[in-house]
1. Can residue 231 be described as open to solvent by 10 Å² or more (accessible area, probe 1.4 Å), at pLDDT below 95 and at negative phi?
2. Restricting attention to the range 144-169, and to residues there that are in contact with a helix residue (DSSP H, G or I) (Cβ under 7 Å, 6 or more places away or on another chain), over 30 Å from residue 86 (Cβ atoms) and in contact (Cβ under 8 Å) with a residue 12 or more places away in the chain, which single residue is most open to solvent (accessible area, probe 1.4 Å)?
3. What are the residues in the range 199-211 that are more than 8 Å from residue 111 (Cα to Cα), open to solvent by less than 20 Å² (accessible area, probe 1.4 Å) and touching an Asp or Glu at 6+ places or on another chain (Cβ under 9 Å), if any?
4. Would you say residue 172 is polar (S, T, N, Q), without any contact (Cβ under 8 Å) to a residue 40 or more places away in the chain and under 14 Å from residue 195 (Cβ atoms)?
5. Here is a check on your reading of the model: is residue 141 among the charged types (D, E, K, R) and crowded, with 20+ Cβ neighbours inside 10 Å?
6. Looking only at residues in the range 93-111 that are in a strand (DSSP E or B) and among the charged types (D, E, K, R), which one is surrounded by the most Cβ atoms within 10 Å (Cβ to Cβ)?
7. Pick from the range 116-152 the residues that are aliphatic (A, V, I, L, M), in a helix (DSSP H, G or I) and more than 11 Å from residue 215 (Cα to Cα): which of them is modelled with the lowest pLDDT?
8. Take the conditions in contact with a Ser or Thr (Cβ under 6 Å, 6 or more places away or on another chain), modelled with pLDDT under 95 and either of a type outside the set (S, T, N, Q) or open to solvent by less than 50 Å² (accessible area, probe 1.4 Å) (or both) and apply them to residue 12. Does it pass?
Amino acid sequence: MKTRLCHASASIGFIVLLLTSTTAAGAELTFFSAIGVQEVMEDLAPKFERATGHKVVVTFATLGAVVKRIQAGETADVIVIPAQGIAGFVQEGKAAAGDVSTIARSSVGVAVRKGTPKPDISSPEAFKQAMLAAKSIFISDPARGGIGTPHVLKVFERLGITEEMKRKTIYTKIAGAAGIEQAIAETDVNVSLNQLQEFAPVAGMEIVGPLPGDLGLTTLFSAAIMGSARNVDAARALVNFLRTSEAALVIKAKGLEPAFP
C-alpha cells in the first residue's frame, strides 16, 4: 500500500507523514471544523484518510456553535476554528498551548453577483459610499455565530450608516457558501459582505476585495489537538497534514492564505 501511496505524491513531506502515521493506522478521529474553512477541509480530509487509513468524522459549524458544543460536554480529537476560540479552549484547560498550530488566514470583504459592476472600495470613504449606493446587500445571519457579520455591523456603526444599512440588509438563511448560493438564487441582491473564502466556491459571485484600510479584519484559523483526543498520534498526523505543501496549495485555491512556513 505504501508503494502505491508514494507514487501518488512526489512530496517528501507527504511521504514522511505516511511513514510516521502508520503507528496509529485505522484510528477514527472526531474533527470539528469552522464553516469558514469548510471547502478546505472537505478537500483535505479525504486525502488524509486515503494516505493514512485513518477515518475522519467531520462536523462543520460556526465558531460560536463549536464553542457551545464543547462547553456542553461534547469531545473532539481535533478542532479547527478561529484562533480566539482555540485560545479560549487553552484557557479553560481543554487543550494545551503546545498542541495548537496555525493553519490559515482569511479576510472579510466584498463580492458581487457575477456580471454586475464592481463598486469602488479602495478607501473607507469609497466603501461607505458604495454601501449607501447599493440597493440592498446580503450578509450572514449574526445569530449563527460567525465572525464576518459582527465585524461588518461594527464597520457600519463606525461609518455612521447603521440605520441606512438596516433597511437594505438581507440575512442569509444558511451559513457558508450554501447560504450565499441560496441568496443569489432567491433574491435579486447583487452585493454581499463575508469572509472572502466563502465566496470562492460560488460560481455566481465575483470577489471585489477585502475591506479597505483599518476597516479590514483578518481571521487566523488554528488547529488544536484537544485534551479529549482518543488517539493523539493520529490527531497529530492530521494537524501535520493540514500544514504540508499539498495542504497549502488547497488553502490558496479555496481563497485563503496558509498561516505556516
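1. Values: open to solvent by 10 Å² or more (accessible area, probe 1.4 Å): yes; at pLDDT below 95: yes; at negative phi: yes.
Considered against the rule, which asks whether it is open to solvent by 10 Å² or more (accessible area, probe 1.4 Å), at pLDDT below 95 and at negative phi, residue 231 comes out as yes.
2. Step by step, filter the range 144-169, then rank; the result is 164.
3. Of the residues in the range 199-211, the ones more than 8 Å from residue 111 (Cα to Cα) are 200-204, 210-211.
From what's left, open to solvent by less than 20 Å² (accessible area, probe 1.4 Å): 202, 211.
Matches in the range 199-211: 202 only.
4. Values: polar (S, T, N, Q): yes; without any contact (Cβ under 8 Å) to a residue 40 or more places away in the chain: yes; under 14 Å from residue 195 (Cβ atoms): yes.
Yes.
5. Details: among the charged types (D, E, K, R): yes; crowded, with 20+ Cβ neighbours inside 10 Å: no.
Against the criterion (among the charged types (D, E, K, R) and crowded, with 20+ Cβ neighbours inside 10 Å), residue 141 does not qualify.
6. My answer is 99.
7. Within the range 116-152, the subset aliphatic (A, V, I, L, M) is 121, 126, 130-134, 137, 139, 143, 147, 152.
Next, from what is left, pick out any that are in a helix (DSSP H, G or I): 126, 130-133, 143, 152.
Narrowing the set further to residues that are more than 11 Å from residue 215 (Cα to Cα) leaves 126, 130-133, 143.
Details: 126: 98, 130: 97, 131: 97, 132: 97, 133: 96, 143: 80.
Result: 143.
8. Here the answer is no, as residue 12 does not meet what is asked.
The values are calculated or read from the model by the stated rules, or taken from the named source; none is laboratory data. Please read these numbers as outputs of a predicted model, since none were measured by experiment. In this analysis, Cβ positions are derived from the backbone assuming ideal geometry, glycine residues included, and neighbour counts consider all displayed protein chains. Ligands, DNA and RNA are excluded from the accessible area calculation, which covers all protein heavy atoms including side chains. Shrake-Rupley method; radii C 1.70, N 1.55, O 1.52, S 1.80 Å.
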